[in-house]
Amino acid sequence: MISAKEILPLTPAERKQLLLEDSNAYQAKNEFERCQRLSHSINKFIEDYFKQIQLSDRENNIGSILQEFNIPDAIMHEINKFKPIAINEITTSISSKNSESPPANIYELAGAHKLAGGNKTSRNLSTALNQLWHNIANISPYVVSPEQDFNIKLKGIDLIIHNTSNKKVEYVQLKTQQNTMTGSQKGRTIDELSIYSNPVFCAVFSLGIWTFNHDVIPRRSGAEFWQSIGIHYPTFERHALELLQMLENEYSRS
């Protein structure tokens with residue numbers, strides 16, 4: 001049986017190959033079955049895998065990267081990597097309009113180019129910020145990213161976590177806020193999450209009215225989500241809001 005001891009020394013590409021072989025994913029009838037098979041293989045070793053990365057974290061970070069004096073630096077490290085990406089998104093969104101191309105929205109139709117740029121900037125930044133939230137969450141030794149750790153995509157899943165409260169391994173879909181899902185997306189999300197053991201629908205911030213609800217699949221947002229992976233929510237929120245204020249200033253100057 002596949003084990004954490006086998007997985008740990010391997011590169012993400014090598015881990016992917018081992019998981020594909022162990023799960024017989026090649027024989028899956030569709031993407032849902034492929035992902036379900038892969039998750040079954042992951043479940044064979046994931047609890048021990050978490051124990052090993054948590055042990056490594058304690059050994060290498062003077063106790064733990066999640067201790068109060070370590071976590072702000074770890075969050076800022078991810079934010080500082082993100083800033084040039086975000087500033088480039090702002091600059092590109094504002095300057096990308098080709099005067100010869102037809103209007104793409106009502107703002108361009110009206111010649112309201114600042115509003116058109118703002119509209120595009122918000123959309124592009126939202127996409128980039130989603131990845132930042134994932135990267136910050138992945139600071140935690142209680143979080144595994146299927147793509148980063150195993151080089152695989154699990155349909156509907158952004159993170160696998162070891163919940164510090166209930167001690168369960170959970171498969172998480174992560175959105176920015178509670179109201180980011182349309183009615184048409186809800187059914188697909190339920191279908192995706194239902195193929196995994198202990199699925200959870202999560203939001204980074206407790207903003208808006210929940211647009212996801214289900215009798216079996218729990219939901220979690222804001223402090224409840226961040227605390228489940230051991231990250232102090234007020235610290236995260238403070239740095240996140242400072243970043244957004246900086247981006248606002250950058251947009252105003254552009």
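Residue by residue through segment 118-146, note down the ones that are over 21 Å from Phe201 (Cα atoms), without any contact (Cβ under 8 Å) to a residue 40 or more places away in the chain and touching a Ser or Thr at 6+ places or on another chain (Cβ under 7 Å).
In the first step, residues of segment 118-146 are kept if they are over 21 Å from Phe201 (Cα atoms); the result is 118-125.
Now drop any that are not without any contact (Cβ under 8 Å) to a residue 40 or more places away in the chain, which leaves 119-120, 122-124.
Residues satisfying the conditions are Lys120, Asn124.
Specify the residue that is nearest to Pro141 (Cα to Cα); the eligible residues are those in segment 209-253 that are among the small types (Gly, Ala, Ser) and under 19 Å from the mean Cα position of the chain (by Cα). So that I can check it myself, show each step before the final result.
Filtering segment 209-253 down to residues among the small types (Gly, Ala, Ser) leaves 221-223, 228, 230, 240, 252.
Narrowing the set further to residues that are under 19 Å from the mean Cα position of the chain (by Cα) leaves 221-223, 228, 230, 240.
Values: Ser221: 19, Gly222: 19, Ala223: 18, Ser228: 12, Gly230: 9, Ala240: 20 Å.
Of everything passing the filter in segment 209-253, Gly230 is nearest to Pro141 (Cα to Cα).
Among the residues of segment 1-48 satisfying the criterion of being at pLDDT 95 or above and among the aromatic types (Phe, Trp, Tyr), which is farthest from Ile161 (Cα to Cα)?
Phe32
Just to be sure I understand, how many residues within segment 214-247 are more than 18 Å from Met76 (Cα to Cα) and open to solvent by 30 Å² or more (accessible area, probe 1.4 Å)?
Final tally of qualifying residues: 8.
Is it true that some residue in segment 114-129 is among the hydrophobic types (A, V, I, L, M, F, W, C), closer than 19 Å to Trp226 by Cα, open to solvent by less than 10 Å² (accessible area, probe 1.4 Å) and at pLDDT 85 or above? Break it down into steps so the answer makes sense when it comes.
Of the residues in segment 114-129, the ones among the hydrophobic types (A, V, I, L, M, F, W, C) are 115-116, 125, 128-129.
Pick out the ones that are also closer than 19 Å to Trp226 by Cα and you get 129.
Subsequent filtering for residues that are open to solvent by less than 10 Å² (accessible area, probe 1.4 Å) retains none.
No, there is no match, as no residue in segment 114-129 is among the hydrophobic types (A, V, I, L, M, F, W, C), closer than 19 Å to Trp226 by Cα, open to solvent by less than 10 Å² (accessible area, probe 1.4 Å) and at pLDDT 85 or above.
Scan Asp158, Asp149 and give me the residue that is charged (D, E, K, R), closer than 23 Å to Leu18 by Cβ and in contact (Cβ under 8 Å) with a residue 40 or more places away in the chain.
Numbers: Asp158 fails: in contact (Cβ under 8 Å) with a residue 40 or more places away in the chain.
Only one candidate qualifies: Asp149.
Could you list all residues from segment 211-254 that are charged (D, E, K, R), under 16 Å from Pro199 (Cα atoms) and touching a residue at least 60 places away in the same chain (Cβ under 8 Å)? Explain how you work it out, then say what you get.
Within segment 211-254, the subset charged (D, E, K, R) is 215, 219-220, 224, 237-238, 242, 248, 250, 253.
If we keep only those that are under 16 Å from Pro199 (Cα atoms) too, we end up with 215, 219-220, 224.
Result: no residue meets the conditions.
I'd like to check which helices (runs of 4 or more DSSP H) are fully inside segment 165-254 and have at least 2 residues that are of a type in the set (Ser, Thr, Tyr). Break it down stepwise before answering.
Values: elements: 183-193, 222-228, 233-253.
Per the criteria, 183-193, 233-253.
In segment 25-53, what residues are within 19 Å of Arg188 (Cα to Cα) and open to solvent by less than 60 Å² (accessible area, probe 1.4 Å)?
Of everything in segment 25-53, those that are within 19 Å of Arg188 (Cα to Cα) and open to solvent by less than 60 Å² (accessible area, probe 1.4 Å) turn out to be Glu33, Arg34, Cys35, Ser39.
Somewhere in segment 132-144, is a residue assigned to a loop (DSSP other than H, G, I, E, B), modelled with pLDDT of 90 or more and open to solvent by 30 Å² or more (accessible area, probe 1.4 Å)? Please lay out each step first, then the result.
Our first condition is that a residue be assigned to a loop (DSSP other than H, G, I, E, B); within segment 132-144, this holds for 138-142.
Retained after the next criterion (residues that are modelled with pLDDT of 90 or more): 138-142.
If we keep only those that are open to solvent by 30 Å² or more (accessible area, probe 1.4 Å) too, we end up with 138, 142.
Within segment 132-144, one or more residues are assigned to a loop (DSSP other than H, G, I, E, B), modelled with pLDDT of 90 or more and open to solvent by 30 Å² or more (accessible area, probe 1.4 Å).
The values are calculated or read from the model by the stated rules, or taken from the named source; none is laboratory data. The model shown is predicted, which means the values in this text are computed figures rather than measured ones. Quick reminder, even Gly has a Cβ in these numbers, built from the backbone with ideal geometry, and neighbours come from all protein chains shown. Accessible surface areas use protein heavy atoms only, side chains included; no ligands, DNA or RNA. Shrake-Rupley method; radii C 1.70, N 1.55, O 1.52, S 1.80 Å.
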